[in-house]
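Each remark here refers to the structure printed beneath this line.
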Amino acid sequence: MKDPRIQQLAHNLVHYSIDVQPGENILVEMIGSERELVNCLIDEIGKAGGRPFVELTDRTVLRSLLMNASKEQMETWKEYDLLRMERMDGYIGIRAGENANELSDVPEEKQKLYSSIYSHPVHMEERVKRTKWVVLRYPNASMAQLANTSTEAFENFYFDVCNLDYSKMDRAMDALKERMESTDKVRLVGPGTDISFSIRDIAAIKCSGQRNIPDGEVYTAPVRDSVNGTITYNTPTLYNGTTFENISFTFENGKIVDAKSNDTKRLNEILDSDEGARYIGEFAIGVNPYILHPMKDILFDEKIAGSIHFTPGQAYEEADNGNRSSIHWDLVLIQRPEYGGGEMYFDDVLVRKDGLFVIPELEPLNPEYLK
């Protein structure tokens, strides 16, 4: 018997997140060993009149490919996957790898080749810009370990998060979108953080289950050269298999001029990938009421209630500040009291304190209203 929670998730992904229409080609890509969700998705896509296509792999295979790949091989790899993506109308990407650190020993030069030659054109340029897409993790023992819970407890948490009423969240986000689009100056204050930037004339985009599951953020981008001050992130982050902690950036006129972490050398190697990597491509506000603590999985961590993320690298086309880069690295700062607290100001008006919105029109985005 199929788990009804999995069936509900598949239904939501197909009929809400990417709204499959008759005759559309939909690629389901699974990295991991989970099959029940894939089979449910195939069934739901078929019921909607779509045409499902499936790619199954895992991170151990990806690691072997990257370890042995030449630049010429990556070019060919890009060409045939790009051709396939160009034929797709929609994409559902599921990540369920057993070891989050599987790519940690892949040499940095191989990681950069993969990012610039393969991932950027296939995913950032083609999939993100030209298909309906949604990306999600799938619960397993590895994710439970990252979250410091039992596997059963994590599965229950996962389905609470992923099957909540995203249409209700979407409606509650309207006021925040409107407020952000009428704002010029943003200031963030907290332990190790005092940073200001402009978001004037850049769109604010609601994320309420159509692109990521779990979801729960409204994002925009800072005017590229407007960022000044220092931000200190208080969550660990996993990048290409390496865990970074205590990241701190100092900005002058938009550019990261000083960067520190537990691995400052590797951090700066990533930021030196290209010119755009030292500028910010996204500023977002997280509001998912069920996600409260980091687990080194960015699809969850960037949605943490009472958080923001401030992202070096590529800007999204929908909220474009002109920054271009082969990286897009979401880094999270939580401003709830147990993480040190903090304030968010829009044009010198306090709009959120210690992770809770304090002006009436934004209060429906606080956790007690969204659950």
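The values are calculated or read from the model by the stated rules, or taken from the named source; none is laboratory data. Keep in mind that this is a model prediction, so the values were computed, not measured. Glycine also receives a Cβ, built like all others from the backbone with ideal geometry; neighbour counts cover every protein chain displayed. In case anyone asks, the SASA skips ligands and DNA or RNA and just uses the protein heavy atoms, side chains included. Shrake-Rupley method; radii C 1.70, N 1.55, O 1.52, S 1.80 Å.
In the chain, what percentage of the DSSP-assigned beta bridges are antiparallel, given to the nearest 5?
Beta bridges within the chain, antiparallel portion: roughly 70 percent.
How much accessible area per residue does the chain have, in Å², with a 1.4 Å probe?
With all protein chains present, the chain gives 41 Å² per residue.
Mind giving me the FRET efficiency for LYS260 and ARG130? R0 is 30 Å, r the Cβ-Cβ distance, nearest 0.05 is fine.
Result of the calculation: an efficiency of 0.20.
Just the number: Rg to Rh for the range 1-142, Cα atoms, Kirkwood Rh, two decimals.
0.99
Springs between alpha-carbon pairs under 10 angstrom, Gaussian network model over the chain: which of ASN148, ASN246, ASN12 fluctuates most?
Sorting by GNM fluctuation, first place goes to ASN148.
May I have the extent of the alpha carbons of the range 147-195 along their three principal axes, as whole Å values ordered from largest to smallest?
Cα extents, longest axis first: 45, 33, 8 Å.
Please list ASP170, ASP81 in order of solvent-accessible area, largest first, computed with a 1.4 Å probe with all protein chains present.
From most exposed to least exposed: ASP170, ASP81.
Given N residues in the range 159-313, what is Rg(Cα) / (2.2 N^0.38 Å)?
After normalising by residue count via 2.2 N^0.38 Å, the value is 1.04.
Could you sort out which of LYS2/LYS371; LYS2/LYS129; LYS129/LYS206; LYS185/LYS255; LYS47/LYS168 sit more than 23 Å apart by Cα distance in this structure?
Checking Cα-Cα distances, LYS2/LYS371; LYS2/LYS129; LYS47/LYS168 exceed 23 Å.
Let's test the formula: R0 of 22 Å, r as the Cβ-Cβ distance of GLU36 and TYR80. What FRET efficiency results, to the nearest 0.05?
Plugging the Cβ-Cβ distance into 1/(1 + (r/R0)^6) gives 0.15.
Based on Cβ point charges of +1 for Lys and Arg and -1 for Asp and Glu, what charge dipole magnitude is obtained for the chain about its Cα centre, in debye rounded to the nearest 20?
So the dipole magnitude of the chain works out to roughly 200 debye.
Using a probe of 1.4 angstrom, how much of the accessible area of the chain is carbon and sulfur, in percent?
Accessible surface attributable to carbon and sulfur in the chain totals 48 percent.
Please list 3J(HN,Hα) in residue order for the range 193-209, calculated via the Karplus relation 6.51 cos²θ - 1.76 cosθ + 1.60 where θ = phi - 60°; whole Hz, with x for glycine and proline.
9, 7, 9, 10, 6, 9, 10, 4, 6, 10, 4, 10, 10, 7, 10, 9, x
Please list THR76, THR193 in order of solvent-accessible area, largest first, computed with a 1.4 Å probe with all protein chains present.
Solvent-accessible surface, decreasing: THR76, THR193.
Would you mind pulling out the separation of the Cα centroids of the range 198-214 and the range 297-331, in Å?
Going from one Cα centre to the other spans 10 Å.
For the chain, what does the helix formula give at 222 nm: sum of -39500 (n - 2.57) over DSSP H segments with n ≥ 4, over the residue count, nearest 500 deg cm²/dmol?
About -7500 deg cm²/dmol.
Considering only PRO214, TYR91, ILE280, whose Cα is most displaced toward the positive end of the charge dipole of the chain, charges sitting on Cβ of Lys, Arg (+1) and Asp, Glu (-1)?
Farthest towards the positive end: TYR91.
Under a 5 Å amide H to amide H cut-off, with H placed in plane at 1.01 Å, what residues pair with PHE53 once short-range neighbours are removed?
Hits under the 5 Å cutoff: ILE26, LEU27, VAL28.
Tell me, which longest segment in the chain has none of the GluC sites (Glu not before Pro) that fall in DSSP loops with at most 15 further Cβ atoms within 10 Å?
99-244
With +1 on each Lys and Arg Cβ and -1 on each Asp and Glu Cβ, and nothing else charged, work out how big the dipole of the range 22-111 is about its Cα centre, in Debye to the nearest 20.
Charge dipole, the range 22-111, about its Cα centre: 140 debye, nearest 20.
From the Cα gyration tensor of the range 62-123, with a ≥ b ≥ c the square roots of its eigenvalues, which class applies: rounded if a/c is under 1.5, or else prolate if a/b is larger than b/c, or else oblate?
Verdict is oblate for the range 62-123.
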